Structure formats: structure tokens, C-alpha cells
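The values are calculated or read from the model by the stated rules, or taken from the named source; none is laboratory data. Small disclaimer: the values here were computed from a predicted structure and weren't measured. Cβ placement follows ideal geometry from the backbone for every residue including glycine, while neighbour counts extend to all protein chains displayed. Calculation scope for accessible area: heavy atoms of the full protein, side chains included, ligands and nucleic acids excluded. Shrake-Rupley method; radii C 1.70, N 1.55, O 1.52, S 1.80 Å.
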Amino acid sequence: YGREAETGELLASLNRVTDGSAELLLLVGGSGVGKSVLVQEIQGPTVQRHGHFIRGKFDQYSASAPYASLIDAVRELVHQLLGEPPERIATWRDAILAALAGNAAVVGDVIPDVTRIPGPLPPVAELGPTETQNRFNVVFRRFIRTFARPEHPLVVFLDDLHWADVASIRLLRTLVSDPDARHLLIIGAYRPEAVDPSGPLATAIADLDPSSVRHIELGPLDLETVTELVADTVRAARDEAAPLARLVHERTAGNPFFVNQFLRSLFEDGLLRFAADSGRWDWNLAGIRERDMTDNVVDLLAGRVGELAEATQEALRTAAVIGNTFDLATLAPALGLAPNMAVRVLADAIQAGFVLPLGDAHELMMEGFEGGDPSLITY
């Protein structure tokens, strides 16, 4: 909602890299304005162009782990490639080995998943710290060029770029400034208030060729857009939904994430409900105005978490320590539970929208199919 122009800019960048350019596209906006959701708009068009769309997410508490987000993104790429027919995997193996010319282990040592395509790799000579990093940047640049080609452009989305480590920032600058880079779109999303104007990220961006860097700034939704969203949500005409929309916009300041969470909280509190007898949505404007509701999305979410069972809250705390993605094989032992019990403890968190299963394996275990590999049940 309200992002038509920004979506058009994303698609224009995708078209340019499909035709042969390399770009860095920066999505700038506060927390909850929909940066990650917007990027999803080009995932389908990328696949339609036979390209690869991969993503990574920097973590506030993993800044000391070099390349963490890029490792996640490349791991996703490897998994995509391993899902292709054997003859295609063989083609990728030959392309990787040819492009890296005996230095494939440089990437494989940092991102072990890469070795699942070419197999065991011969070791490379040991160098000093600076030379090792420089060699990795050069070899990784060649590695990425292997997958960014006219027949399959490569889109790399890196979320929470404001938490990127210095090594990753330098590597990104190397990728974007590579004169031989083609068919590559790197999208970085960050919160402007979290970036030091004199820090490594701002400096790296300023040093790049302005023609290869584009910015999209995302702000809150205006009242008209929130009215459209609310009207669609309650399946009512816009003039009928307008009073509710004004109140929602007032309480959320148009922050898209907060709008959705606020509407969910109204539903859970019975102030917004579906009347089965009339087949319509009803809402209690007076009750919403009088209700002591926070205007802070963090407090709102914390309150909703506090309503979950203690075992589910403990599962969320433990999962958060593991990271923004986790698998059942890691979570279950940390909770001291069997995998089938850990799945059930997570059920309420999934129902509340705090955890998203990646794939169908979670549902299969919930239904009693317990023979699956817990490491493949991911969230």
C-alpha cells in the first residue's frame, strides 16, 4: 500500500542490471516502514528472468563475526543451486573452479557450504591478515561474477545494513566498484538514525561512483493510504472505514508495521470483530479511544508476548539468542525438549505471528510425522 513509485524504482533497477549494469540500491527508512516487504516485490520478477534472489540479515549482536550476512546469502544461493538437476550442478561446479583458478578454498574456508558444489578443495597458501582479507575480496568478487550473468541476473538483499561489520562493508564496496561487474543488484536496507555520518558505512557509500548507487527513502503512510488499507482489511467502503482509519493513523503515525500490529491488537481485544450474523466487521470507536493503549510499537509487542504461555516465551527468548533464523535441531536441545514437543511449544508464537515456519516440515511434525530431520525444520 502506498509504495507504487518505490516499487517502480526497484523494477527499474532490476531491468537495468538484467541489461548488464551493476548497482547498489539503498533502502533508507525507520524501523517498521516496510523496507523488507518492499524488496519482496522484485523476488518474483527476478525468478521470471531466471535470476537468483538471495538475502542476508546483519545482526546487532554479531558485528564481530565478519561476513555473517553475506555467508547467509551465499548459503541460500548454494541451496538453490543444489536443487537444480545434476547436469546443471555439474555446470556450476565447472564454472566455479574455472573462475577461481585454484583459489576456490579461499571462499570455501569462509563459507563451507560452497564446497557442497565442487567438493573438497585443495588448500591455499597462508598469508598475513591484510593479504588474506585482500585475497578473499578479490576471489569473492570473481565468485559472485560466476552467478551474475546475462541469462541469470543476481539480486542480493542485505537487511539491517547499519549493523554491518567493517569487513563486510569493504567487501560490498569491492563488489559494487568492480569494473567487470555486470547483472548484479545489491540492495541494502538501513535505518538512517543508526548510521554514523563519519562511520565506515557512510564513508564507503560516499566513496562509490554516484552513478552506481541509488537511494529510495521510505516514510510513513499518509492518511489516504491507511484508509485504503483499513477499508480493505474490514471489507468496507472507504467513507465507512474513514473514522476508524483516522484513529489508526493517529495512534500509529502511519508506520505500516505498527498499523498491522495495532489492528491485530484491536481484534484480539474484541474492539474489532467479525459479526457472523451480519457477515460484516464491526468496531467500537468509543472503546478504542477510551482504551489505554500504548502509542509505542515495542510496548505493544512486548505486551502481546507477555500474554503467551511461559514455555512459549522461553522458546522465543532462546530462539532470539540463536538468531533471526533457527532450526529445530538447535532449539529443541537448548529448551531441553524433544523436537516434537518443541514444535508444539512454538505453535502459539506462530499463531501470534512472532515466528514464521520456512516450509511445510513444521506442519508435518505438528500432525505427527516425526521422522523428519530436525535440522531441516527451520524458522
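Report the one residue of V248, A231, S168 whose Cα lies farthest in the direction of the positive end of the charge dipole of the stretch 154-312 (charges on C-beta: Lys and Arg +1, Asp and Glu -1; origin at the Cα centre). My answer, from the dipole projection, is A231.
With each run of n ≥ 4 DSSP H residues scored as -39500 (n - 2.57), what mean residue ellipticity at 222 nm is computed for the chain after dividing by its residue count and rounding to the nearest 500 deg cm²/dmol?
Numbers: 18 runs with 199 residues, N = 379.
Calculated at 222 nm, the ellipticity per residue is -16000 deg cm²/dmol.
Given +1 at the Cβ of Lys and Arg, -1 at the Cβ of Asp and Glu and no other charges, the dipole of the chain around its Cα centre is 800 debye to the nearest 20. Which label marks the calculated value of Kirkwood radius over Cα pairs in Å, given the options (1) 22.0; (2) 26.8; (3) 23.3? For Kirkwood radius over Cα pairs in Å, the calculated option is (3). Carbon and sulfur together cover what percent of the accessible area of the chain at a 1.4 Å probe radius? Carbon and sulfur: 52 percent of the exposed surface of the chain. To the nearest 10, the accessible area of Y379 is 10 Å² with a 1.4 Å probe.
Contour minus end-to-end for E290 and E131, with contour as 0.36 nm per residue of separation and end-to-end as the Cα-Cα distance?
50.8 nm
Between the residues P45, N137, L185, the greatest Cα displacement towards the positive end of the dipole of the chain, with unit charges on the Cβ of Lys, Arg, Asp and Glu, is found for N137. Based on alpha carbons, the Rg and Dmax found for the stretch 27-176 are 15.8, 47 Å.
Rounded to two decimals, what is Rg over Rh for the stretch 208-326 when you use alpha-carbon atoms and the Kirkwood radius?
On the way: Rg = 18.1 Å, Rh = 16.6 Å.
Computed over Cα atoms, the ratio is 1.09.
Between the helical axis of 339-351 and the longest alpha-carbon principal axis of the chain there is an angle of about 60 degrees.
Could you give the length gained by full extension between F267 and A202, i.e. 0.36 nm per residue of separation minus their alpha carbon distance, to one decimal place?
Details: separation 65, 0.36 × 65 = 23.40 nm, distance 4.20 nm.
Residue separation times 0.36 nm, minus the Cα-Cα distance, leaves 19.2 nm.
Rolling a 1.4 Å probe over the protein heavy atoms gives the chain an accessible area of 49 Å² per residue.
For the chain, the longest principal axis of the alpha carbon atoms and the long axis of helix 4-19 meet at an angle near 20°. In the chain, taking the dipole from charged Cβ atoms about the Cα centre, the farthest positive-side position among L335, L10, L346 is held by L10.
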